[in-house]
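The values are calculated or read from the model by the stated rules, or taken from the named source; none is laboratory data. Computed from a predicted structure; not experimentally measured. Here the Cβ positions follow ideal geometry from the backbone for every residue, glycine too, while neighbour counts run over all protein chains shown. Accessible surface is based on the protein model in full, side chains and every heavy atom, while ligands, DNA and RNA are left aside. Shrake-Rupley method; radii C 1.70, N 1.55, O 1.52, S 1.80 Å.
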Amino acid sequence: MDFDLSEEQNLLRQSAERLLADQYDFEARKQHGQDEPGWSRAMWAKFAELGLLAIPFSEEDGGLGGGPVELMLVAEAMGAKLTLEPYLPTVILGGGILRRAPESLRQRWLEGVIAGTTLLSLAHAERQARFTLSDVATRVRLDGDHYVLDGDKSLVLAGDSADALVVTARLNGERRDEGGIVLLLVDAKAEGVTRNGYATQDGRRAAEIQFRNVRVSQDNLIAGPETGFALLQAVTDEAIAALCAEAVGAMSAISGLTVEYLKTRKQFGVPIGSFQALQHRASDMYVELEQARSMALFATMMAAEQDAAKRGRAISAAKVQIGRSARQIGQEAIQLHGGIGMTMEAAVGHYFKRLTMIELMFGDTDHHLRRVAETVGPL
Amino acid sequence: MDLRFTDEEVAFRQEVRDFIATNLPAETRERLQSGHHPTRDDIVNWQRILNEKGWAVPHWPEEWGGTGWGPVKQYIFREELQSAPAPEPLAFGVYMVGPVIAEYGSEEQKKRFLPRIANLDDWWCQGFSEPGAGSDLASVRTTAVRDGDHYIVNGQKTWTTLGQYADWIFCLVRTDKEAKKQSGISFLLIDMKSPGITLRPIVTIDGGREVNEVFFDDVRVPADQLVGEENRGWDYAKFLLSNERVGIARIGVSKERLRRIRELSASEHASDGTPLISDPRFAEKIAEVEIDLKALEITQMRVLAAERAEGKGKPNPLSSILKLKGSQIQQRTTELLMEIAGPYALAYEPEREEGSNEPPIGPEWAGLSASTYFNARKVSIYGGSNEIQRNIIAKAILGL
Ligand SMILES: Cc1cc2nc3c(=O)[nH]c(=O)nc-3n(C[C@H](O)[C@H](O)[C@H](O)COP(=O)(O)OP(=O)(O)OC[C@H]3O[C@@H](n4cnc5c(N)ncnc54)[C@H](O)[C@@H]3O)c2cc1C
């Protein structure tokens, strides 16, 4: 049992933190958010330069061969600065699926992803599905040597700027069956693809995407109907683990801002941090933060577990802890800031918003609590 | 980074588990499993079995019986004891006064007291709290006045746990009334058989008899029973309190109780005749505690890893979390157990603890569940109340 990082991991963390400390303070973030397409392509190029976009890919694919620990470190650093760039959709979701794709697809796409010139996203969620991962109504059928895709995808993260989409679609079975789901790589500009991009509450972008009679050649099949769901599940669990780390970065930052404010804001002639009622609430925030950090570590450790049931239970447990902590820390941070916490001017509200969105993504706290409650076995 | 235990640590856990399985008297285990407190004899016998094995006082200096285990092994050892469940060592000797004597006592005191603590030949109790000195411990008023080669002690201690069995009591006493609060306190070892000591039981809300008041009326204490220097007692007390870290979260205890909660909620039935566990509301309550406990377990590992890296003795700020969350989880598990018992928690049959022949009103564990719940309210009060832990976090960690 040890929590030590290797030398390379330490370097990775330091370089990511240094880059963001230099170029991603709260003011810079506002600028990045005004760039087209809602985040900074210049920053993205710097991520590529540092190798952050290469982390999870194998060395033979031109990547760094990193794993969940490396992704955790980067996600935490990004969470602390609320970066807007599409790291989750491109590297962790799209990339996570592509790195398990047949070689021809990897050769065609990964070079661009690693270089920062190709953006990916996962077009999976559908309006009716809520948090049921296997709920896929989008249909696909084979027509000669092409797949033909029809359906609507919702909340595709940074879907408006993606170059290629990993799309889940049902080849056979009922709407909620785990079997029968296939994963296809689709050019975002293919005929029949209509994208409608919009802002999300946390200052990022998402898109509603329609697929109408979209023809995809057979060699774009990533996973067939027997393996598609398992792959989707594995990558979703990896994404949740990274999201937990991102949340820890954000919770740590927002707690730091709050403690700083308690020390500097004066009322009744004294710093408000001298009031014990507030001290105890700040202490409880700290406890929640550290408990969340422990569970993010747990999620990281379990992200690569092969046994899907065991992994799922652990990941859900982590998401519950993160969700509870995020809610408490976020709300308390706003409250302890008083009126200023309500404004767009102050950073604290932006952390609160991102934390709230994280809570609602990939299954909310109730969803994951149910998953832990309904399954058995030690955590 | 690897959060799993090493092969060696896993093997060690197995070794401890096997040892407990073969050596823990069955009746002791059964008593604890059904929710009873261990008896005096349970505790003494088990301590002697451990002592024979060389595991009585793992964390002490090796010269005095320590095993030289690092923090992780010490933790594993305690977790195994807690989850067996075996009686935990009598903390007042093994975790409290023992380390203080080993660190600050005279050679003479070490030879006289330490081996007898390890073998539980002497039962120690803790005389810190007083009616007017609880969280604000430094306001103790019991006095010790030097008279030749003796101290004359007058005053009152309270909340003295298991003082009814005690041969010795270690006390914080005021030796300098003029000095500032903390600096006039000394650490004194007192024989409970000394003339002038009276003990009066306090009955706790569970009907239990575990705490006492202790009165000192002109008690003569040989001066060689002063630990360290006069008026330095507060430093030794701080050392003592900071020592009680490994196992303070009592994760093993909560794990064991959760195991039983899971088992019982599958066999006990809800009003509609289905097992309790199939009620989603109840299953989710269990899941919430499981998640809390897992998070705390990893927090505990982080504390141990930091301790291993930084060497012993440096208090880790995370240990306040261990106390705070650990006590909340313990309390929550007792609530759940009582909720499983439902109506069978109502009957109050303290005589059953003494082994009555009458059949219990409900299952034995159920009859004890409310008492256990009442009793567990103490864990967020003693050992630095949860409010005090929050003060510590605010001051020492957040700098407020
Ligand atoms: C079952 C049991 C066994 C015990 N065993 C022993 C023993 O063997 N030996 C021994 O010496 N002592 C023992 N104690 C005593 C224990 O350490 C004290 O109860 C504890 O220190 C709290 O003191 P108090 O009870 O006087 O409460 P108080 O200190 O009066 O506290 C009352 C309330 O005020 C809160 N409070 C106090 N100060 C502050 C503050 N600064 N900020 C915010 N809130 C505050 C407390 O958290 C609590 O909620 C035992 C107690 C119990 C219940």
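Considering all different alpha carbon pairs of the range A:7-118, the Kirkwood hydrodynamic radius works out to 14.2 Å.
Values of log10 I(q)/I(0) for the protein assembly as shown across q = 0.08 Å⁻¹ run -0.77, by the Debye formula with one identical scatterer at each alpha carbon and no solvent. At a Förster radius of 41 Å, what calculated FRET efficiency corresponds to the Cβ-Cβ distance of A:Arg176 and B:Glu335, to the nearest 0.05? After rounding to 0.05, the efficiency reads 0.65. If you wrap chain B in the convex hull of its Cα atoms and look at it from every side, the mean projected area works out to 21.5 nm². Remark: the range B:387-400, residue by residue, has Karplus-estimated 3J(HN,Hα) of 5, 5, 4, 5, 4, 5, 4, 4, 7, 7, 9, 8, x, 8 Hz, where x stands for each Gly or Pro and the curve is 6.51 cos²θ - 1.76 cosθ + 1.60 at θ = phi - 60°. Largest accessible area first, the residues B:Glu130, B:Glu178, B:Glu387 order themselves as B:Glu178, B:Glu387, B:Glu130 under a 1.4 Å probe with ligands, DNA and RNA left out.
Computed from the alpha carbon atoms alone, the convex hull of the range A:121-225 holds 85 Å³ per residue. For the range B:364-398, a decrease in accessible area of 40 Å² or greater in the assembled protein chains relative to the isolated chain, with a 1.4 Å probe, applies to B:Arg390, B:Asn391, B:Leu398. Stokes-Einstein diffusion of the range A:55-207 at 20 °C, 1.002 mPa s viscosity, Kirkwood radius from Cα pairs, rounded to a whole number: 131 µm²/s. With the simple model of a label 7 Å out from the Cα in the direction of the Cβ, B:Arg281 to A:Gln335 spans 2.5 nm.
Close amide-amide hydrogen proximity is noted between A:Leu64 and A:Ile55, A:Phe57, each under 5 Å apart and 5 or more residues distant or on a separate chain (H modeled in the peptide plane; Pro and chain starts excluded). For chain A, the calculated P(r), taken from all Cα-Cα distances in 10 Å bins from zero up to the bin holding the longest distance, is 5, 24, 33, 25, 10, 3, 1, 0 percent. Build a GNM of chain B with springs between Cα atoms under 10 Å apart, and of B:Tyr104, B:Tyr95, B:Tyr151 the one that fluctuates most is B:Tyr104. Over the range B:1-156, what portion of Cα pair distances is larger than 18 Å, expressed as a whole percent? Roughly 67 percent, once rounded to a whole number. Subtracting the Cα-Cα distance of A:Ala115 and A:Asp35 from their residue separation scaled by 0.36 nm leaves 26.8 nm. Toward the positive end of the charge dipole of the range A:121-225, with +1 on the Cβ of Lys and Arg and -1 on the Cβ of Asp and Glu, the farthest Cα among A:Ile209, A:Val167, A:Asn220 is that of A:Ile209.
Since only A:Gln276, B:Ala21, A:Gly151 are under comparison, the one whose Cα sits farthest along the positive direction of the charge dipole of the protein assembly as shown, derived from C-beta charges on Lys, Arg, Asp and Glu, is A:Gln276. Computed per residue of the protein assembly as shown from DSSP H runs no shorter than four, each worth -39500 (n - 2.57), the mean residue ellipticity at 222 nm is -15000 deg cm²/dmol. In this structure, the pairs whose alpha-carbon distance is over 27 Å, taken from B:Lys177/B:Lys325; A:Lys30/A:Lys319; B:Lys255/B:Lys378; B:Lys238/B:Lys323; B:Lys110/B:Lys180, are B:Lys177/B:Lys325; A:Lys30/A:Lys319; B:Lys110/B:Lys180. Go ahead and collect, in residue order, the members of the range A:318-354 whose backbone nitrogen is under 12 Å from a label point 7 Å along the Cα-Cβ direction of A:Ala199. Those under the cut-off are A:344. Taking amide H as placed 1.01 Å from N in the peptide plane, B:Ile197 has its amide H under 5 Å from the amide H of B:Asp217, each at least 5 places away in sequence or on another chain.
This model, with +1 at the C-beta of Lys and Arg and -1 at the C-beta of Asp and Glu, gives the range A:7-118 a dipole about its Cα centre of some 300 debye. With θ taken as phi - 60° and the Karplus curve 6.51 cos²θ - 1.76 cosθ + 1.60 applied, the whole-hertz 3J(HN,Hα) list for the range B:333-349 is 5, 5, 5, 4, 4, 5, 5, 5, 4, x, x, 6, 7, 6, 5, 10, 10 Hz, x standing for glycine and proline.
Any chance you could check the range A:278-295 for residues losing 30 Å² or more of accessible area when the partner protein chains are in, compared with the chain on its own (1.4 Å probe)? Correct list: A:Gln279, A:His280, A:Ser283, A:Asp284, A:Tyr286, A:Val287, A:Glu290, A:Gln291, A:Ser294, A:Met295.
Panel note: the C-alpha atoms of the range B:7-89, placed on their principal axes, show extents of 32, 29, 18 Å (largest first). Backbone geometry of the range B:178-184 corresponds, through the Karplus equation with coefficients 6.51, -1.76 and 1.60 at θ = phi - 60°, to 3J(HN,Hα) couplings of 7, 5, 4, 2, 5, 8, x Hz, x marking Gly and Pro. Of the DSSP H helices in chain A, those with a Cα length along their own long axis of 30 Å or more and a mean Kyte-Doolittle hydropathy reaching 0.0 comprise A:228-264. A Förster radius of 25 Å combined with the Cβ-Cβ distance from B:Glu52 to B:Lys111 puts the calculated FRET efficiency at roughly 0.80. With 10 Å² as the minimum drop in accessible area between chain alone and full protein complex (1.4 Å probe), the qualifying residues in the range B:243-286 are B:Arg262, B:Ala283, B:Glu284. Interface area, chains A and B: about 3700 Å² of buried accessible surface, summed, with a 1.4 Å probe and ligands, DNA and RNA left out. On the basis of the beta-carbon distance and an R0 of 45 Å, B:Asp18 and A:Arg127 show a calculated FRET efficiency of 0.20. Relative to the longest principal axis of the Cα atoms of chain B, helix B:280-310 runs at roughly 40 degrees. Ranking A:Tyr261, A:Val235, A:Met361 by how far each Cα lies toward the positive end of the dipole of the range A:229-376 (charges on Cβ) leaves A:Tyr261 at the top.
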